[in-house]
Amino acid sequence: MRTGVWLVGARGSVATTSIVGALALRSGLTAPIGCVTELPQVRGPALPSFSDLVFGGHDPVLTPLAKRAEALAAAGVVPGRLVAALADDLAVVEDDIRPAPSGGTPAERVARVVADLADFRRRHDLDRVVVVNVSATEPVVTPHPAHADPAALAAALDGPDEVLPPSSLYAYAAFTADCPYVDFTPSTGARLPALAALATHRGLPYAGHDGKTGETLVKSVLAPMFAMRNLQVRSWSGINLLGGGDGATLADPAANAAKVESKQRVLGETLGYHPQGDTRIDYVEELGDFKTAWDLVTFAGFLGTGMRLEFTWHGCDSALAAPLVLDLARITAAAHAAGASGPLADLAFFFKDPLDAATHSLGEQWTRLCGFVAGLHAAAGGTDAQAG
Ligand SMILES: NC(=O)c1ccc[n+]([C@@H]2O[C@H](COP(=O)([O-])OP(=O)(O)OC[C@H]3O[C@@H](n4cnc5c(N)ncnc54)[C@H](O)[C@@H]3O)[C@@H](O)[C@H]2O)c1
């Protein structure tokens, strides 16, 4: 199943790490550590293999992909020996990265993206293209009446107003070009009624939002523990320190607010109440792609006895995110091939702020994911585990 993976933000840290990783896996130069789709409970015949994946994307910056990969190697995010060994493969992907459209009306920019996607699919003879948003986090969207209805939205896009943020413009273009869409960021993406209606009308699946890779991943394991033991969480405060492009973007208060909102949802929805405390994200340039999260939880047990838990997480953000980007592209492609349409709520396992989430508990999300993927494998004509 030849599958295009179109990365919005193709020259960013997460995108570059995903591309380097997929090329290395295809060439057998590395092991699939961190790839959920390579676990025995998930792998199988429905998923495109790493060799089936073809990469392209949009980005406004022009820094060559090889230079971005070298910078990530220098920062210790990816091994330098892989970047050197994959120079020719990276040059091939470079040819499929297009400048992010700018200027003109939103409708003209959508048409540009649709044309780029169609061209990519035709040139590589792809069965399908999954569009994955890994671009810079946007501020929370300003509501607009046209967000409610596809016809009103189409009319508004023809005008001069910026009726959609870029993540939603890409989602609109993806659906128009018959591509499934995954939002790995906290941005608005497909989370507007008009876009949900468009996806359903065109029979396309979509997934999101905001990859769960660090502090929130740990929260989604610990919060259900407190709930199941009927312990009362009194406060939960977290501080995240990070650098890199994502950290620089999140230094902007509007983008920061969108991310913090996404990170805090797990607690209220798992515990059924909101403990005191906030999550903070601070930009520390020196840390680059490595993030430190420190959380302090105070809680009460039997007879109100007060206790506390602290944890510190030191993660390499892009190395945690990239295998999930590959997992999501593979599973979403399989879901599309099986005829799935609308929000893929069963992929909540991957996200901080999942679409239509029935639960934020990682354990329950894992069970749902395994059941969903087993159904895809059964529909693809086999349930035997096989290497992807
Ligand atoms: N790394 C993680 O663990 C993790 C987890 C969850 C979510 N995310 C999200 O993934 C996204 C990418 O993170 P990153 O570390 O790669 O950031 P980054 O800053 O390195 O990369 C973002 C890229 O998006 C590009 N971009 C900006 N506007 C664009 C547009 N209109 N069209 C196309 N491209 C555009 C930028 O030029 C840049 O190359 C962020 O939104 C981040 O919040 C990351």
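The values are calculated or read from the model by the stated rules, or taken from the named source; none is laboratory data. What you are looking at is a predicted structure, and each value in this text was computed from that prediction instead of being measured. Using ideal geometry, Cβ is built from the backbone for each residue, glycine included, and neighbour counts are taken over all protein chains shown.
Observations on the structure shown:
- Checking each residue in segment 9-24 for being under 15 Å from residue 64 (Cα atoms) and either of a type in the set (Phe, Trp, Tyr) or more than 9 Å from the ligand (Cβ to nearest atom) (or both) picks out 19, 20.
- Some residue of segment 248-271 being under 24 Å from residue 309 (Cα atoms) and not in a helix (DSSP H, G or I): no
- A Cβ distance below 8 Å, combined with a sequence gap of six or more or placement on separate chains, defines the contacts here; from segment 135-160, residues that are closer than 24 Å to residue 260 by Cβ and in contact (Cβ under 8 Å) with a residue 12 or more places away in the chain reach residues that are within 16 Å of the ligand (Cβ to nearest atom) and basic (Lys, Arg) in the pairs 137/259.
Here is a yes/no grid of residues against (1) small (Gly, Ala, Ser); (2) surrounded by 19 or more Cβ atoms within 10 Å (Cβ to Cβ); (3) within 29 Å of residue 203 (Cα to Cα):
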site: 302; (1), (2), (3): no, no, no
site: 365; (1), (2), (3): no, yes, yes
site: 370; (1), (2), (3): no, no, yes
site: 376; (1), (2), (3): no, yes, yes
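- The residues on offer are 330, 308, and the sole one that is closer than 16 Å to residue 15 by Cα and modelled with pLDDT of 95 or more is 330.
Residues checked against (1) within 14 Å of the ligand (Cβ to nearest atom); (2) aromatic (Phe, Trp, Tyr); (3) touching a Phe, Trp or Tyr at 6+ places or on another chain (Cβ under 6 Å); (4) under 23 Å from residue 16 (Cβ atoms):
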site	(1), (2), (3), (4)
240	yes, no, no, yes
244	yes, no, no, yes
250	yes, no, no, yes
254	yes, no, no, no
260	yes, no, no, no
270	no, no, no, no
274	no, no, no, no
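- Counting only helices (runs of 4 or more DSSP H) that fall entirely inside segment 1-107 and contain at least 3 residues that are without any contact (Cβ under 8 Å) to a residue 24 or more places away in the chain, the qualifying elements are 65-74, 80-85, 87-94.
- Members of segment 77-99 found to be within 15 Å of the ligand (Cβ to nearest atom) and either at pLDDT below 95 or within 25 Å of residue 333 (Cβ to Cβ) (or both), listed by number: 78, 93, 94, 96, 97, 98
- Among (1) in contact with a Pro (Cβ under 9 Å, 6 or more places away or on another chain); (2) within 11 Å of the ligand (Cβ to nearest atom); (3) in a strand (DSSP E or B); (4) not basic (Lys, Arg), the one test that residue 236 misses: (2)
- Counting the residues of segment 104-140 that are under 21 Å from residue 339 (Cα atoms) and either in contact with a Cys (Cβ under 9 Å, 6 or more places away or on another chain) or within 14 Å of the ligand (Cβ to nearest atom) (or both) gives 7.
Residue-by-condition table, conditions (1) part of a helix (DSSP H, G or I); (2) of a type in the set (Val, Ile, Thr); (3) in contact with a Phe, Trp or Tyr (Cβ under 7 Å, 6 or more places away or on another chain); (4) away from the ligand (no atom under 11 Å from the Cβ):
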position	(1), (2), (3), (4)
142	no, yes, no, yes
178	no, no, no, yes
221	yes, yes, no, yes
225	yes, no, no, yes
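Quick grid of which residues meet (1) touching an Asp or Glu at 6+ places or on another chain (Cβ under 6 Å); (2) modelled with pLDDT under 95; (3) surrounded by fewer than 24 Cβ atoms within 10 Å (Cβ to Cβ):
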position: 8; (1), (2), (3): no, no, no
position: 32; (1), (2), (3): yes, no, yes
position: 45; (1), (2), (3): no, no, yes
position: 59; (1), (2), (3): no, no, yes
position: 73; (1), (2), (3): no, no, yes
position: 101; (1), (2), (3): no, no, yes
